[in-house]
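Below is one structure, written out as structure tokens, with a few remarks after it.
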Amino acid sequence: MNAPDRLSVLLDEHASLERELADPAVHADQSRARRLGRRYAQLAPLVETARALDEARGNLGTARELAGEDASFATEATALEAQVEELTDRLREHLLPRDPDDDRDVILEIKAGEGGAESALFAGDLLRMYLRYAERRGWSAEVLEAVDAELGGYKDVAVAIKSRSPGGDDGAGIWARLKFEGGVHRVQRVPVTESQGRIHTSAAGVLVLPEAEEVDVSVDPGDLRIDVFRSSGPGGQSVNTTDSAVRITHLPSGIVVSSQNEKSQLQNRESALRVLRSRLLAAAREEAAAVASDQRRSQVRTMDRSERVRTYNFPENRIADHRVGYKAHNLDQVIDGDLDAVIEALVSAHTAELLAAGS
């Protein structure tokens, strides 16, 4: 489908969604209303750009007609030509094929890797970074499961990050911003446990999954083995006296998810099911990616430091993303949640790849 035809189809879809969302009956089904609302918000920037481009083209035509009678219109025409060119480029970007998950919320998991206690401490730093970034963006965050390490930080932690409005606070969902965070993150610094002042290198893995809704993944209760056990804290000590923690094993896939953060067994079961559905959705997408090479690559990597996507060098206050050659000496700000510049570099590189592929 060429660009004009695709634009026409998307404009028609936006108008249809607008009519549907104006129907009170649609909102009786909250799941459907959220799904339509996300798509409507996703298309809004394209529609706004298309309308602005039509207006700029009309004004340009008028300015050119009047330029022969009044020289001031020639200057205006030059400015409008630049505006039309800018809007055309922006519309071309909006017409690029979109990741269908871009407007989804996410479940983000951080796992300590090589480096022992220092890796677990770094996993805690990464969690705090993402929580503060979510706060800056106006998103909500909920820790679903956390396995504490004895000296601080986490061996494994999962957090759900959700938008407070359909489509996100800036027309782009959370997956669109955080999907590039998956991979091995490497840290270089002097650990608190290092008595000689030597710089150590360790790593933690980040896995980002689009959060699945119940309609996305059908989970047969007969495929689940659910075990309950007593919650435990660092070092294995019991933190309560009831069997409220839940471990769910999806027998066909072998995926195991546990949750012990909530006080009740029912709440832990629901948290574990949320993570399980997202993992099953990701597994299905990865299976499809193996068949269709244009699908996104798997984020599931080993904790090997050689597969790093980003390095956090504390002595030099430097952050480097190795995929796009991004470097900056504001690590203190980034680790405090100021991630936008890093993420924009990744988003821009991805957009450039799509534009090059379509040209």
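No value in this document is a laboratory result; all are computed from the given coordinates. Keep in mind the model is a prediction, meaning the values are calculated, not measured. Using ideal geometry, Cβ is built from the backbone for each residue, glycine included, and neighbour counts are taken over all protein chains shown.
Using label points projected 7 Å from each Cα along Cα→Cβ, tell me how many nm separate T201 and S348, to one decimal.
Rounded to a tenth, the inter-label distance reads 2.8 nm.
Restricted to Cα positions, what overall size does the stretch 1-92 have along the principal axes? Three whole-Å values, descending.
59, 28, 16
Report the paramagnetic label zone for A74: residues of the stretch 42-64 whose backbone N is under 16 Å from a point 7 Å from Cα along the Cα-to-Cβ axis.
From the stretch 42-64, the list is 63-64.
Restricting to Cα atoms and excluding each atom paired with itself, what does the Kirkwood estimate give for the chain in Å?
Computed over Cα pairs of the chain, the Kirkwood hydrodynamic radius comes out at 23.2 Å.
Which order do K155, K179, K263 fall in if you start with the one that has the fewest other Cβ atoms within 10 Å?
K263, K155, K179
Between Q267 and R34, what is the label-point separation in nm under the 7 Å Cα-to-beta-carbon projection?
1.9
Can you bin every Cα-Cα distance in the stretch 42-92 into 10 Å intervals starting at zero and give me the percent of pairs per bin, rounded to whole numbers?
All Cα pairs considered, the percentages come to 29, 44, 21, 6, 0.
Compute the Kirkwood hydrodynamic radius of the stretch 32-162, taking the inverse of the mean of 1/r over all pairs of distinct Cα atoms, and give it in Å to one decimal.
Taking the inverse mean of 1/r over all distinct Cα pairs, the stretch 32-162 comes out at 19.1 Å.
For N2 and R136, FRET efficiency with R0 = 30 Å and r from the beta-carbon atoms, rounded to 0.05?
Using R0 = 30 Å, I get an efficiency of 0.15.
Between R230 and E81, what FRET efficiency comes out of the Förster formula 1/(1 + (r/R0)^6) with R0 = 41 Å and r the beta carbon distance, rounded to 0.05?
Computed FRET efficiency for E81 and R230: 0.05.
Suppose every Lys and Arg Cβ carries +1 and every Asp and Glu Cβ carries -1, with no other charges. What dipole size does the chain come out with about its Cα centre, to the nearest 20 debye?
Computed about the Cα centre, the dipole is about 1320 debye.
Remind me, relative contact order of the chain in percent, using alpha carbon pairs under 8 angstrom and six or more residues apart?
Relative contact order comes out at 15 percent.
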